[in-house]
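Mind looking over this structure? Questions follow.
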Amino acid sequence: MTLDIQQFESYLKIDSQTFNQVDLNSLNHYIKRFMYTVPFENINVQNGVPISVDVDDLFNKIVHQHRGGFCYEMNTLFQNYLKEKGFHIDCVSGTVHTPDDNWSRDGSHMSTIVHLDKDYIADVGFGDLPTQAIPITSPEDVHIIHDTNGYYRAITDDDTIHLQKQMDREHWRTSYKTQFTPRNWPYFIEHLYYNEHDPRSIFVQNLIITIPKHYGRVSMSNEHLTIMTKHDKQKERVTHHNYKTLIKKHFGIDVTIKTLES
């Protein structure tokens, strides 16, 4: 399918008159508008609804149904959009640094590298990244990206790219690792199946909805809605009675979540 660019850009509120070049300014505008509009969410996994990465299905889900998705869905659609706009991109595979300080299987994350004056990570489907491209640099020439949600960098060593977030003044934590090797969709099929169905998958175990805001980030699990700003964190209990109001208000989503109905 060829994307309906006009409808897609209208939904994302992209200023295509100002940002219409194959350059970093336009790329950053596209990333920001996508991430501010499309929430990272795994509701279909929680509801047992099959995940499709067909571009028609993704366009319908995100643009017409006002939904989001996780990495395979969001980055697939965004990659197709960037190609239509004339960008040279590669789809790459990542392994995620898990909360228990281990590493997920390779292919558990799909990311995007955009080739401009230099190489950039342009990832709209991870759930905790800045709303702009991150230049990939050597450890000796680090470029740090400052965003409302923190400081980020992408450094490469021996062809492995470490996408990192600053945890405190002395400590950077790698969020995920990837390489420059391009991957076609068949590489991800078994990894999508794992994330969609395996009881060990975090997407099967937990509801995850999150979206950046100009003031910080809003996230929701089965138990809590969390609003984070630079100086404050607020939590609200999620219940069977209030979850639909919360997801409509904060994420623009109007759908039943089976795990919260029971």
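The values are calculated or read from the model by the stated rules, or taken from the named source; none is laboratory data. The structure presented is a predicted model; accordingly, all values stated were derived computationally and were not measured. Heavy atoms of the whole protein, side chains included, go into the accessibility calculation; ligands, DNA and RNA do not. Shrake-Rupley method; radii C 1.70, N 1.55, O 1.52, S 1.80 Å.
Across region 72-208, how many lysine pairs, 8 or more positions apart or on different chains, have C-alpha atoms separated by under 20 Å? Please give the number.
So the count of such lysine pairs works out to 4.
Report Rg (one decimal) and Dmax (nearest whole number) for region 197-262, counting Cα atoms only, units Å.
Considering region 197-262 through its Cα atoms, Rg and Dmax are 12.5, 38 Å.
Could you please state, rounded to a whole Å, how far the C-alpha centre of region 235-255 is from the C-alpha centre of region 1-29?
30
How much of the accessible area of the chain, in percent, comes from carbon and sulfur atoms when a 1.4 Å probe is used?
Of the solvent-accessible surface of the chain, carbon and sulfur hold 46 percent.
Report ³J(HN,Hα) in whole Hz for each residue of region 72-85, in order, from the Karplus equation J = 6.51 cos²θ - 1.76 cosθ + 1.60 where θ = phi - 60°; Gly and Pro get x.
Per-residue couplings from phi come out as 4, 7, 5, 6, 4, 5, 5, 4, 5, 5, 4, 4, 4, 8 Hz.
Here's another thing I want to ask about it. Cross-link list Lys235/Lys258; Lys32/Lys213; Lys32/Lys233: which exceed 18 angstrom alpha carbon to alpha carbon?
Lys235/Lys258; Lys32/Lys233
Tell me the label only: which of (1) 13.9; (2) 18.0; (3) 23.3 is mean projected area of the Cα convex hull in nm² as calculated from this structure?
(1)
Quick one: grab the alpha carbon gyration tensor of region 121-262, order the square roots of its eigenvalues as a ≥ b ≥ c, and give me rounded if a/c is under 1.5, else prolate or oblate depending on whether a/b is larger than b/c.
Oblate is the answer for region 121-262, as a/c is 1.5 or above yet b/c matches or exceeds a/b.
Sequence-distant or interchain residues sharing an amide H contact under 5 Å with Tyr176, placed H: which?
His97, Leu163
Show me, for region 181-191, the HN-Hα J-couplings you get by feeding each phi into the Karplus relation (A = 6.51, B = -1.76, C = 1.60, θ = phi - 60°), rounded to Hz, glycine and proline as x.
After applying 6.51 cos²θ - 1.76 cosθ + 1.60, I find 5, x, 10, 8, 4, x, 4, 8, 4, 5, 6 Hz.
Any chance you could run the full-extension gain for Asp254 through Asp157? It's 0.36 nm times the residue separation minus the Cα-Cα distance, nm to one decimal.
30.5 nm
Turning to a different aspect of this structure: Sort all Cα-Cα distances of region 53-152 into consecutive 5 angstrom bins from zero, then give the percent of pairs in each bin up to the one containing the longest distance.
Pairs per bin, as whole percents: 2, 12, 18, 22, 23, 14, 6, 2, 0, 0.
Under 5 Å between amide hydrogens, which residues at least 5 positions from Asn42 or on another chain qualify, with H placed 1.01 Å from N in the peptide plane?
Ile208
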